[in-house]
Amino acid sequence: MLIEDQHPHNKHIMAALLGKPNAGKSTLINYLLGFDLSIVSSKPQTTRNHFHCNLTVDRTEIVLVDTPGIHQSSQELNIRMNGQAEWASDGVDLNLLLVDLTKDVLSEVQNFMKNFDKELSETWILFTKSDRVENLENKNFDGFFEKIQKLIPAASKYFVISPKTGDNVHLLTAALCDAAEPGPHLYPDGAVSNKNMRFFASEYIREQAFKTLKEELPYELAVVIDQYQDPNAEERDTKISASILVNRPSQRAIVVGAKGTVIKEIGTNARKKIEAMVGGKVHLNLHVKVSPKWFKNNFVLDEIGLPRTPKSHRVWRKKS
Ligand SMILES: Nc1nc2c(ncn2[C@@H]2O[C@H](COP(=O)(O)OP(=O)(O)OP(=O)(O)O)[C@@H](O)[C@H]2O)c(=O)[nH]1
Ligand SMILES: [Mg+2]
């Protein structure tokens with residue numbers, strides 16, 4: 001979808017944000033956008049799909065592709081999540097590889113490369129979470145970068161940033177604008193993503209589930225939107241029905257909570273965020289359904305936007 005008759009000075013760049021889970025990819029995107037579009041949590045593996053997040057600086061359109069963190073797993077869900085990140089780096093102008101400074105920098109990059117099944121084209125290294133590092137000025141970032149270049153020959157630049165405090169993020173934005181090529185914008189003004197409200201509604205429900213539920217449970221649940229109805233002549237509010245899928249009946253009891261308190265908390269918080277997104281009142285109806293081994297079920301994985309990858313298992317469950 002290219003917009004015709006554009007301003008002759010328009011420029012465009014598309015960059016995939018890559019890294020290990022929890023590196024801060026979605027946090028950086030939200031900081032750059034200026035609002036919380038992408039879901040963030042303190043738990044790893046929050047983002048499951050790749051999607052575009054767009055911002056415009058003067059006449060430059062910057063399309064940032066959020067991706068799931070690359071990790072090792074033989075589980076079909078996780079293989080497909082990694083596949084999303086690998087696909088995302090296809091066809092972008094640039095990769096931005098986030099490296100968490102609170103971890104061992106080189107082993108983070110080594111581990112990423114071990115599980116990332118693609119050759120990286122032009123890549124900038126973003127050493128991130130700098131606000132959490134003491135004596136930052138004594139760190140030898142040139143030395144780290146040289147070692148990383150041995151692992152990633154296409155690494156051409158580095159930045160030391162903190163999307164939490166905003167430190168140095170303006171340098172990254174300026175460099176992205178400089179690197180952008182003259183050309184038409186992909187999206188009309190104001191289009192923030194290639195994903196629709198339905199997708200973000202499911203994400204905001206899952207975000208609240210990640211925040212509310214403990215331990216492994218967030219990883220064993222998925223959110224499927226059953227009905228999404230925009231306001232119309234008869235109904236002024238947005239109506240959404242969604243199912244939270246869990247693996248086992250005992251998990252259903254936890255997600256519902258005593259007298260429904262847990263599901264109510266998830267629903268109330270998610271509804272507020274969806275209302276802010278749609279700019280109006282939302283009726284959100286949540287159900288918790290037991291869908292054993294949904295994370296291996298091709299039908300469910302397709303439904304939540306995770307198609308098969310070349311590494312996918314050969315046998316998978318169909319809808320019964
Ligand atoms: N102190 C600090 N915390 C950060 C920074 N960036 C991200 N975080 C925190 O790191 C955690 C993970 O952030 P996310 O943005 O969800 O990380 P992600 O890379 O998108 O993670 P996945 O979606 O799981 O791959 C959250 O608790 C963030 O608040 C930062 O610059 N400084
Ligand atoms: Mg994320």
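Inspect all residues belonging to the range 51-72 and state whether any of them is open to solvent by 20 Å² or more (accessible area, probe 1.4 Å), farther than 26 Å from Gly190 by Cα, more than 13 Å from ligand 1 (Cβ to nearest atom) and part of a loop (DSSP other than H, G, I, E, B). Within the range 51-72, one or more residues are open to solvent by 20 Å² or more (accessible area, probe 1.4 Å), farther than 26 Å from Gly190 by Cα, more than 13 Å from ligand 1 (Cβ to nearest atom) and part of a loop (DSSP other than H, G, I, E, B).
The listed residues are Asp131, Asp90, and the only one of them that is out of contact with any His (no Cβ under 7 Å at 6 or more places or on another chain), modelled with pLDDT under 95 and not small (Gly, Ala, Ser) turns out to be Asp90. Residues in the range 116-143 that are more than 16 Å from ligand 2 (Cβ to nearest atom) and of a type in the set (S, T, N, Q): Ser121, Thr123, Ser130, Asn135, Asn138, Asn140.
Taken over the range 20-39, the criterion of being within 10 Å of ligand 2 (Cβ to nearest atom), crowded, with 21+ Cβ neighbours inside 10 Å and assigned to a loop (DSSP other than H, G, I, E, B) is satisfied by Asn22, Ala23, Gly24, Ser38, Ile39. Among the residues of the range 103-151, count how many are in a loop (DSSP other than H, G, I, E, B) and either open to solvent by less than 60 Å² (accessible area, probe 1.4 Å) or touching a strand residue (DSSP E or B) at 6+ places or on another chain (Cβ under 7 Å) (or both). Result for the range 103-151: 6. Condition test on Asn95, is it within 11 Å of ligand 2 (Cβ to nearest atom) and either assigned to a helix (DSSP H, G or I) or closer than 26 Å to Lys311 by Cβ (or both)? For Asn95, the condition - within 11 Å of ligand 2 (Cβ to nearest atom) and either assigned to a helix (DSSP H, G or I) or closer than 26 Å to Lys311 by Cβ (or both) - is not met. Within the range 294-306, being of a type outside the set (Phe, Trp, Tyr), in contact with a Lys or Arg (Cβ under 7 Å, 6 or more places away or on another chain) and open to solvent by 40 Å² or more (accessible area, probe 1.4 Å) holds for one residue alone: Lys296.
The values are calculated or read from the model by the stated rules, or taken from the named source; none is laboratory data. Remember, it's a predicted structure, so these values are computed and weren't measured experimentally. Here the Cβ is made from the backbone with ideal geometry for all residues, glycine too, and neighbour counts use every protein chain on show. Accessible surface is based on the protein model in full, side chains and every heavy atom, while ligands, DNA and RNA are left aside. Shrake-Rupley method; radii C 1.70, N 1.55, O 1.52, S 1.80 Å.
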